[in-house]
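Written below as structure tokens is the structure these notes are about.
The values are calculated or read from the model by the stated rules, or taken from the named source; none is laboratory data. Only a predicted model underlies this, so the values are computations on that prediction, with no experimental measurement involved. Positions of Cβ are backbone-derived with ideal geometry, glycine not excepted, and every protein chain shown enters the neighbour counts. The accessibility values were calculated without ligands, DNA or RNA, using every heavy atom of the protein model including side chains. Shrake-Rupley method; radii C 1.70, N 1.55, O 1.52, S 1.80 Å.
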Amino acid sequence: MATAPPNGQPRKSLKIAVIPGDGIGQEVMPEGLKCLRAVAKRYNIKIQLDEHFADWATCPRYLREGSMLPEGWKEQLTSYDAIYFGAVGHPATVPDHISLWGSLIQFRREFDQYISLRPCKLLPGIRCPLADKKVGDIDFWVVRENTEGEYSSVGGKIFEGTEREVVIQETVMTRIGVDRVLKYAYELAQSRPKRHLTSATKSNGISISMPYWDQRVAEMGKKYSDVFVDKFHIDILTAWFVLRPETFDVVVGSNLFGDILSDLGPACTGSIGVAPSGNINPEGRWPSLFEPVHGSAPDIAGKGIANPIGMIWAGQMLLEHFGHKEAAHTMMRAIEAALERGGTGIITPDLGGAGTCEGLGSYIASLIEEI
């Protein structure tokens, strides 16, 4: 079983399952591994990167075998500290709800990865779509409840295909589920200089589950008196993300609200294509999973132009999660330096350059070695 770093001390060795998945996941993964190996060598971190999961969580596998994952997949992955995941999906051949629920959602639920953590940070060299924002203005985290809430899959249909057709899907909030995500968010806010937590709600319209969420936010807040807490209804909160993103520090939301905000936040920084995500089991009882958020991008898969920064940044989050702060800091500095110095021949087309996935990945790896 994976175990969390004791007392914040870095893990001396890490055992990582590498699953590239579909589309550009196959292209960005080698660059992520290249950078992880570079930083591991520099800081003498023992990382075992197991790459024998090449066809796991792929649509070709589903078409061939009828499942996204092999029988016994959970038992095979349980001994790992983390999963380093590329992307999943090819909707032209397999519907997204099948590929996603057959792989990534399985990992999140079966390994109780109840925290989804995403950074929203304005990086150098990336043009912010919001006016008059500069590097340092936008730097906050979105903490999303990741295993229940609106995505419970509890419900069903009756009288299908008739005028009486009824479709019901339930939101499920448990005290355990809500409290543990709030505890994580409060402690993250407490660790940052601003000590500011924002809660996403909609208790003026969703009259049962959201008032309960608000109640648990207030109750949990009694244990963290040094954290300033505010709350906004989700509709105005999305507006404030666009109009005044610099006011946020840590934002916590339910599964649905967190899903929306954790895409909107990076989009406001111009970095949705390079943003990473952590699907975390904080206690370390089960493996956590780290991935880029860009998806499989079938339209550019195979062209060699995918931006590998999201994959590399996900590796940086992995190291930070396991206590390797200095190594993680070096990886982040290398990413930022590459964006500042790379030029059009290095930077990939999504950011206005003419570079390649391999070229940008190799450049960041070289910076890790020298920066």
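Worth pointing out:
- Inter-centroid distance (Cα atoms) of segment 235-289 relative to segment 165-224, Å: 14
- Å² of accessible area per residue within the chain, as computed with a 1.4 Å probe and no ligands counted: 44
- Within segment 213-228: backbone nitrogen closer than 18 Å to the THR247 label point (7 Å, Cα to C-beta): 228
- Computed [θ] at 222 nm, deg cm²/dmol, the chain (DSSP H ≥ 4; -39,500 (n - 2.57); rounded to nearest 500): -11500 deg cm²/dmol
- D_trans [Stokes-Einstein, Kirkwood Rh over alpha-carbon pairs] for the chain, 25 °C, 0.890 mPa s, µm² s⁻¹: 115
- Here the accessible area is traced with a 1.4 Å probe on the protein chains. For the chain, carbon and sulfur cover 52 percent of it.
- The alpha-carbon atoms of segment 128-269 define a convex hull whose volume equals 125 cubic angstrom per residue.
- Alpha-carbon geometry of segment 239-291: the Rg and the Dmax are 12.9, 40 Å, given in that order.
- DSSP-defined antiparallel bridges as percent of all bridges, the chain, nearest 5: 45
- Counted charge near GLU27, where neighbours are those whose Cβ lies closer than 9 Å (Asp, Glu -1; Lys, Arg +1): -1
- Near GLN9: Cβ cut-off under 14 Å, other residues only, Lys/Arg at +1 and Asp/Glu at -1. The net charge is +1.
- Full-stretch length increase - ASP50, THR93 - with 0.36 nm per residue and alpha-carbon distance subtracted: 12.7 nm
- Annotation: peptides 246-252, 155-161, ranked by per-residue average of other Cβ atoms within 10 Å with the highest first, follow the order 246-252, 155-161.
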